[in-house]
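Read through the structure below, which is laid out as C-alpha cells, and then see the notes.
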Amino acid sequence: MKAKRIVVMGFMGSMPIAGVIWQHVHYVVGLQQLGHDVYYIEDSARLPYNPETFEITNEFDYAAQLLSRLSREFGFKNRWAFCARYLPGNPSAGLPLKKIRQLYREADAILNVCGTQEFNDDLLVSDRILYIESDPGVEQIKIDKEVKSTIEYLRRHRALFTFGENVGTKSFPVPTHGFKWLPTRQPVVTDFWRTKRSPSRAAVFTTVANWSTSGLKDISWRGRKYLWSKSREFLRFISAPKKAGETFEMATNIEHTATRNEFERNGWRLRCPLQMSVDYWLYRDYIQRSKGEFTVAKDQYVRLNSGWFSDRSACYLAAGRPVITQETGFTKLYGGKAGLLSFQSLDEIADAVKRINREYAKHSRAARSIAREFFEAEKVIKSILERAGI
C-alpha cells in the first residue's frame, strides 16, 4: 500500500483520560506502522476537561501540553494540533490553522474516531471522512426515529464503520434504512501491552469503569429505554465474586456509600481510579499486573445484541490477561473457548473463573493470541482503509 497522508481526529486532549488516550494512540501508531504520514488533530467547539483541576474550561493549556508530550512519545512530533473553535479567531496549539486547513484539503483520509468530530466549513472541504463508531445503538435508533440532524451528519461521511459487528445483520433488531455499516473493532498495538511478567499470587480479576454515565446517551426505542451505562449491569451481577469464590477489584468512582458497602459485602475491592485515569502508563501497569479482567457491558450493547467489544478488554487480552465479560453477540466472531469467556448468568461467571484458574497459562496464551489475530492495529486499520477505498 502506497503511503497516504492521514488525519486522525478525536478527543484525547479535551478528555485526557487514560482509556481514551490509548484508544486514539492505537490508531495513530497503527497507521504509522503501515507506513502512512499521520497527523492528529482536535478541532472542536467543545470545551476541554482538565483532570488536575476537575474543571471544564475554555483554557486549553493542559490539552496542548498533553498532546505535545504524546507526540514525542508516540512519534507524531510537529504533526498535531488543538484548535479551539469555541474561542474568537479559532486559536490553535501545535500546527497553525492555515496548516490544519491545508491538511483537510490534501488528506487521503480523515478518521473521525468515536464519531465525536462536529463539522465546520474548513473540514467540509474533504470528501474522505470516515466515521468510526465505538458506541453502537444510539445512532441506528436515531436513524429509525428519523432524526434529521443525525441522518445528515452520517451521510456526509465517505464510509461508516462500527464496533457493533452485528449491526445490519438479522442478529441486530434496529433497521438500518439503507445506511451501510461496516464492522470493525478497536485496533490495539499489541506490543505496547506485552509483558513477560506473570501475575503475582495476590493478583485478582480487575476492571476500570466510569460509574455514573447513565443519562448521557440513554435512548428510548419502541417503548423501551436503553441505558448507556454499566452500573445497572454491575448491580445485576453484584454477587459474582461471592458466587465465584474470588475477590474482584473495580477501579471506579461510586460515591453512594450504601452502594459501595453492598459491593464490598459481596467480595468486591473498590479502588480509587483517579491516579491511573490521568497517568496512561500507570493504567497500562494496572492491566498488566492483573490476573485478568471481569467486567460487564453497557445495557444498550447487551439488549440490542450489537456484537460490541470493549477497547479496554482488548488491551487486557494483548497483555495476556484472560477476560470474562458479558455477552453482546461477539462470540459468534471470536472468543468463547479459552482466553476470552462470555457470560449471561452468575453460574457462567463462576464456571469461567474456575476454568481460568485451572489452566491459567493456557488461557493467558489464548488471550494474547486472540488480541493478535483479531485486534492487531495494523490488520484492523488496513481493513478499514481498504474497505473505504483509500
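Computed quantities for the displayed model
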{"quantity": "Options Ile370, Ile356, Ile381; residue that is at pLDDT 95 or above, in contact with a strand residue (DSSP E or B) (Cβ under 9 Å, 6 or more places away or on another chain) and under 19 Å from Ala202 (Cα atoms)", "calculated": "Ile356"}
{"quantity": "Search result, residues across the stretch 153-172 that are surrounded by fewer than 16 Cβ atoms within 10 Å (Cβ to Cβ) and out of contact with any Lys or Arg (no Cβ under 8 Å at 6 or more places or on another chain)", "calculated": "Arg155, Arg156, Thr169, Lys170"}
{"quantity": "Number of the exception - Lys298 against (1) free of Cβ contacts under 8 Å to residues at least 40 places away in the same chain; (2) surrounded by 19 or more Cβ atoms within 10 Å (Cβ to Cβ)", "calculated": "(1)"}
{"quantity": "Test for Ile370: is it in the same structural domain as Ser306 (by TED's automatic domain parsing), without any contact (Cβ under 8 Å) to a residue 60 or more places away in the chain and crowded, with 20+ Cβ neighbours inside 10 Å", "calculated": "yes"}
{"quantity": "Residue count for the stretch 276-326, restricted to those that are polar (S, T, N, Q) and either over 30 Å from Arg224 (Cβ atoms) or touching a Pro at 6+ places or on another chain (Cβ under 9 Å) (or both)", "calculated": "6"}
{"quantity": "Among the candidates Glu73, Glu55, Glu106, residue that is out of contact with any helix residue (DSSP H, G or I) (no Cβ under 6 Å at 6 or more places or on another chain), at pLDDT below 95 and not assigned by TED's automatic domain parsing to the domain that holds Tyr283", "calculated": "Glu55"}
{"quantity": "Search result, residues across the stretch 51-79 that are part of a helix (DSSP H, G or I) and in contact (Cβ under 8 Å) with a residue 24 or more places away in the chain", "calculated": "Tyr62, Ala63, Ala64, Leu66, Leu67, Ser68, Leu70, Ser71"}
{"quantity": "Residue within the stretch 24-32 that is in contact (Cβ under 8 Å) with a residue 40 or more places away in the chain, buried (at least 23 other Cβ atoms within 10 Å of the Cβ), more than 28 Å from Ala159 (Cα to Cα) and out of contact with any Leu (no Cβ under 8 Å at 6 or more places or on another chain) present", "calculated": "no"}
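The values are calculated or read from the model by the stated rules, or taken from the named source; none is laboratory data. Everything numeric in this text was worked out from a predicted model, so none of it was measured. Cβ coordinates were reconstructed from backbone atoms using ideal geometry, including for glycine residues, and neighbour counts include every protein chain displayed.
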